[in-house]
Structures are given as structure tokens and as C-alpha cells.
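Right, one structure below, let's go through it.
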Amino acid sequence: MTANQVALSYLIAAVFFIFALKGLSHPETARRGNFFGMLGMTLAVLTTLVLVASGNLAMVVIAAVIGGSIGAVIARRVEMTKMPELVAAMHSLVGLSAVLIAVAAVNNPVAFGIPVPMPRGNRLELFIGSFVGAITFSGSVIAFGKLYGRIKWRLFSSAPVVFAGQHICNLVLGVAMIACGIGFFIAPDAGWAAFSAMLAIAFLLGVLLIIPIGGADMPVVISMLNSYSGWAAAGIGFSLDNPMLIISGSLVGSSGAILSYIMCKAMNRSFFNVILGGFGQEGGTAVDSAQKSVRSGSAEDVAFMLSNAESVIIVPGYGLAVARAQHAVKEMAHKLAARGVQVRYAIHPVAGRMPGHMNVLLAEAEVPYDQVFEMEDINGEFGATDVVLVLGANDVVNPLAHEKGSPIYGMPILDAHKARTVIVNKRSMAAGYAGLDNPLFYLDKTMMVFGDAKKVVEDIVKAIE
């Protein structure tokens, strides 16, 4: 292929990526967006294979087949509830690949078409790509551990891990990392000492930036690490003189940054605080549930209340995802609609473990899109709603968000507590991912229904009949 043909091929792939991002902005067009993304990546990979055909193409193809096979198996086996962990794991691999490419380029610049001694411009590109990649890798590993929930190390606790002088420590490490980067930039030789020290600090900084994350902030972290992985790829793209990496990395980085900003706004978090790792909350109080009692009921009670309501709002949460109850919920909503009940779904932007988690679940069950409403569009309707059915949600309907001193103070929530009647389905009275009790459960108008969400909803469906 000529240089012009390569440029044209990469440009077409980039256009497909833009169409993919546009399609993924709404559930109705998400499948089309995924299709465009696959077309773009296929074209980019084939073009790259043509470029390296004169080299050891067999090794490249073998590596691609092995990696693709592993990815396909994991993607087919992963449960929807484990999708956030998978995303975090994939982000870590992007960051690690950026670091390994940078190390290889410093070790053998000629193999990458970089002259010796290495020009300052290439050194700057490698510095940026490698330190962002290192932070992305170690930060994503910590995020994976927090989401996975089965690793007992303190670093992977879902609660914030904070210590005195944490921000000062991060600042000092950041300055030291930049100083080592400058040392690598001006080194007369390969600059391995400064480059290695910079990488080590970046790996440590990635850990320290993510450990103060509380459970309620996890969706913001996922989108932020997505942005970091894109910028790491773009930085390495400059080093490799690969326009496709630069374009795709910039698209991922910018879209992830925009999504992070949207998530921060939805959770009343400072965007710059997020970038600098300022997630942790050291103070805050929770409601003491030791002496509190709740009113509990059965699926038959719920069926009676729902059937006699004029309007119902369903609030899906992580518990619904764990139970895989979305199809049963759709059947229940269909039966209620047949009885003349207005049924709508209220989606909090950070419900679940990553942005869009609940939208994906409802789309999988083919819930009509005109019944699904985002928080800002439906919050004003709760006060005029007869029954709100909360399925496995906790933090996103927690009125503590309105109380100063609470760890989630200022976080916009779904105003389920304003409805005439509230029904909450949970397995137990255990706190949500943020570790806070919920005053909503103890209101006189609230009825708790304990049990697996799918089993409870299926029993409700039978009782409606």
C-alpha cells in the first residue's frame, strides 16, 4: 500500500469510530454503533497487517489470534453483573501495552524508526504515553479489585482507603515523576535510570490515586480510566508515528473525559478532584439501624398495591442485575399496563457499577425505550406517583444525600421518598456499595420485600394473574 492509501484507510476507520461513538450515545442506536466500531477496528487492523507484512507477519498473526481467542471466550462467558470488572481489566491491558511499547522503543529506537540518539520530541511523546499508561494500568488493577469484591487486601476495599497527608504525598510523587521525566528528556544517553524511576513512580501514583475511591464513586472512576487509556494510546501513537492510534486514542480519551464530567455532575463531584484522585471521604455519618424497625410484606401484597395504582415508577439497581430479573420485570410491567397502570422506569446515571449499566439491562430485555427515563426527566414526577418499586437499588435513592455531613452529601438522587407509597426489594438490610444505611427503608410509607429480585418479581407476576 502507498502512503496515501494507508492514510485513506486509517481515515475511513476513524470515521467509523466516530459513527460508533455517535451510535453508542443512545440505546436505540447502540447495536449500530457497535457494528461501526467493529468495522473500523477491522479496517485498522488489516491496514496495519499490510504495513508489517514485510516483517515477521506470522508472529503478529499468531499473537492476534491468541489474544482475540482469549478475548472472545471471556466476552462470551462474562455475566452482565461482571461487566464493570471486565472493563477495568481491559483498561489495565491498554495501559500496560502503552508502557511495554515505550520500554521497547527506549531499548531499540531504530526498530521503531526512531533515530539514535533519540530526538527530544520522541522522548517527550514516550514520557507522556508511558506515565499515563502506567497510571492507567495500576489504577485499573485497583479498580478491578474493588469491583471484584473477593480480594481481602485493604487496598481493594470498597470503602475509601485514606491516610493523613494523602494529597500532599500524591503531589510530591507527581512532581518527582515529572522531574524524572525531565531527566529522561535531557539525558545524553538512553536515560534508562530516569525513565525507570519515572515508571515506578507512575505505577505507585496510579495506586494512590484510586485507593481513596468510595463505592458510590466507582462509575466515575470507570469513565476516567477509560479516558486515561485513550490518552495513553494516543501518546504512544505519536511515538510510533501511527495516525490510527493517535486518532482512536484521542477519540477514546476525549469521550471518556466528557463522560467523566457528566458523571461528576450527576454525583456533585469536582471534575478536577476526580482527575487528581480526590474521591475519598474521611468524614460522614450513617443512620444507626440497630433500634429501627421496618414494615415488610409479601409478593402478594406488592401485586395488590401495584394492580390498584394508577402510576408506577420502577427504579432498577445493582440487585436487579445480580438476580438477572430484567425479563421478569418487563413481564410484570406488561401485565400492569394491560390493567391500565402507567409504568415507567427511572434510571440514575450511576446506578450499578458503571455508566449505562441499567440501560443495558433493560435494553437486553427489550423494554420499550419510551418507558425509560433519565433522572433529570422523571425526578419531578415522583411526588405525583402512587407506587415506586425499588429493585436492588440503595445509594441512588438514599435521602442521606440531602444531609450535610453524609459521605454522599450533594449527590443527586432519585426522589423515590416523595412517592405516596414505596416498595423496596432487597436480599437483606445490608448497606449498599457506599456502606451507608438508608433512611428510606424506615419510612411509614415504605414496605420492604426481602428476597432474590427475580424470584420476588416472578411471584408478583403470578399474583397479578
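The values are calculated or read from the model by the stated rules, or taken from the named source; none is laboratory data. If you're wondering where the values come from, they're calculated on a predicted model, not measured in any experiment. Cβ sites come from the backbone with ideal geometry, for glycine too, and all protein chains shown count toward neighbours. With ligands, DNA and RNA removed, areas are computed over all heavy atoms of the protein, side chains included. Shrake-Rupley method; radii C 1.70, N 1.55, O 1.52, S 1.80 Å.
Some notes on this structure:
- Residues whose amide H falls under 5 Å from that of VAL372, counting only those 5 or more places apart or on a different chain, are TYR345, with hydrogens built in the peptide plane.
- Each other residue within a Cβ distance under 12 Å of ALA453 adds +1 if Lys or Arg and -1 if Asp or Glu, for a net charge of +2.
- The stretch 411-465 - percent relative contact order, Cα under 8 Å, separation 6 or more: 37
- Using the Cβ of PHE441 as centre and a radius below 10 Å, the other residues enclosed give a net charge of +2, where K and R count +1 and D and E count -1.
- Taking Cα centre as origin and charging only the Cβ of basic (Lys, Arg, +1) and acidic (Asp, Glu, -1) residues, the dipole magnitude of the chain rounds to 640 debye.
- Summing charges over neighbours of PRO349, with a neighbour being any other residue whose Cβ is under 11 Å away from its Cβ, gives -1 when K and R count +1 and D and E count -1.
- Sum of -39500 (n - 2.57) over DSSP H runs of 4+, divided by residues of the chain (222 nm, nearest 500): -19000 deg cm²/dmol
- Ranking ASN107, ALA197, LEU240 by Cα position along the charge dipole of the chain, where only Lys, Arg, Asp and Glu carry charges on their C-beta atoms, puts ASN107 farthest toward the positive end.
- When you count the other C-beta atoms within 10 angstrom of each residue and take the mean per peptide, 356-369, 112-125, 196-209 line up highest first as 196-209, 356-369, 112-125.
- Within the full protein context, the accessible area of ILE464 is estimated at about 10 Å² for a probe radius of 1.4 Å.
- Computed over the stretch 339-436, relative contact order equals 27 percent, with contacts defined as Cα pairs under 8 Å that lie 6+ residues apart.
- The chain - percent relative contact order, Cα under 8 Å, separation 6 or more: 14
- Positive dipole terminus of the chain, leading residue within ALA64, ILE222, GLY352 (C-beta point charges): ALA64
- Among 338-348, 317-327, 60-70, 165-175, the order from most to least packed when residues are scored by Cβ within 10 Å on average: 317-327, 338-348, 165-175, 60-70
- Amide H within-cut-off set for ILE213, under 5 Å, with H built and near neighbours excluded: VAL161
- Calculated FRET value between CYS169 and VAL78, using beta carbons and R₀ = 51 Å, to 0.05: 0.90
- Flagged links, alpha-carbon separation over 20 Å, of LYS22/LYS82; LYS426/LYS454; LYS82/LYS454; LYS330/LYS426: LYS22/LYS82
- Eligible aspartates and glutamates near LYS404 by straight Cα distance, threshold 19 Å, same-chain separation 8 or greater: ASP217, GLU282, ASP288, ASP395, ASP415, ASP437
- Summary of packing: across the peptides 408-418, 27-37, 444-454, the per-residue average of other C-beta atoms within 10 Å ranks them, highest first, as 408-418, 444-454, 27-37.
- The alpha carbon gyration tensor of the stretch 322-376 gives principal lengths a ≥ b ≥ c with a/c of 1.5 or higher and a/b no greater than b/c, which makes the shape oblate.
- The stretch 396-405 - phi-based ³J(HN,Hα) in whole Hz, Karplus 6.51/-1.76/1.60, Gly and Pro as x: 6, 10, 8, x, 4, 4, 8, 9, 5, x
- Anisotropy class of the stretch 377-447 from Cα gyration tensor, a/c 1.5 cut: oblate
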